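Reviewing the structure listed below.
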Amino acid sequence: MMFANEKKRRSLEALYRAMPTSELKRRLRAGGLAAPARQAAEAELQRRSSPGASDVEPMPSSGDDGGRAGIVRAVVGVVAAGALAWFVVSPEMAMFVPVLVLPWLLAPAAKAFPRLGLVIGSLLVLLPLALLAWAWMGGHLAWRSGDYRPLGTLLAWGVLIFAFLVCWSLASMLIWGARHRGSWRGMHRRLQKMREEQVDALK
């Protein structure tokens, strides 16, 4: 437990050292940070206020600014935590685990292979539209009278709506990752922020 807390503290320190001062102050003003994150952010602001301290920690000199290795570690950690949560949390909450895990898988993969990411993302955009056209032409979406026949129509609409939500959510992450032109470190920070917003929304 102590090792996990120490690892989390170091991760927060590294995250806030790479963050501009204006963003640090904005997050503190918003008041949505947990206690460890707030303490790390305040400590970083205090460090920068000391004489001779730099605003943002210098980036590593490697070609991918050191972010590629960091995002790989984050992907492994998030996937492992998601796999554990899938078996630990209640069935009602387990459905939200992919929402937190999939962005960490799809976006970096699409950034690493942008053409493939754009192709698969475009196919996922078109897939529910093709399914809609097929269901419409086959009459599966038409209302049917009878004892149980309306259930078939409602089920068809439910499957179609679910397909739109899932396919377009996955497509958005793939296309965003494929079109990302910033650094790996920048993508890591953006995904971290997205995960924090998703966790806050679920709470």
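The values are calculated or read from the model by the stated rules, or taken from the named source; none is laboratory data. Nothing here was measured: the structure is a model prediction, and the numbers come from that model. Here the Cβ is made from the backbone with ideal geometry for all residues, glycine too, and neighbour counts use every protein chain on show. Note: areas computed on protein heavy atoms with side chains; ligands, DNA, RNA excluded. Shrake-Rupley method; radii C 1.70, N 1.55, O 1.52, S 1.80 Å.
The number of residues in segment 126-139 being surrounded by 14 or more Cβ atoms within 10 Å (Cβ to Cβ) and either in contact with a Cys (Cβ under 7 Å, 6 or more places away or on another chain) or not in a helix (DSSP H, G or I) (or both) comes to 2. Counting only residues that are open to solvent by less than 50 Å² (accessible area, probe 1.4 Å) and under 21 Å from the mean Cα position of the chain (by Cα), segment 13-46 holds 9 of them.
Is it the case that Trp143 is in a helix (DSSP H, G or I), exposed (fewer than 15 other Cβ atoms within 10 Å of the Cβ), without any contact (Cβ under 8 Å) to a residue 40 or more places away in the chain and of a type in the set (Phe, Trp, Tyr)? For Trp143, the condition - in a helix (DSSP H, G or I), exposed (fewer than 15 other Cβ atoms within 10 Å of the Cβ), without any contact (Cβ under 8 Å) to a residue 40 or more places away in the chain and of a type in the set (Phe, Trp, Tyr) - is not met.
The set of residues from segment 157-193 being aliphatic (A, V, I, L, M) and surrounded by fewer than 16 Cβ atoms within 10 Å (Cβ to Cβ) comprises Val159, Ile161, Leu165, Val166.
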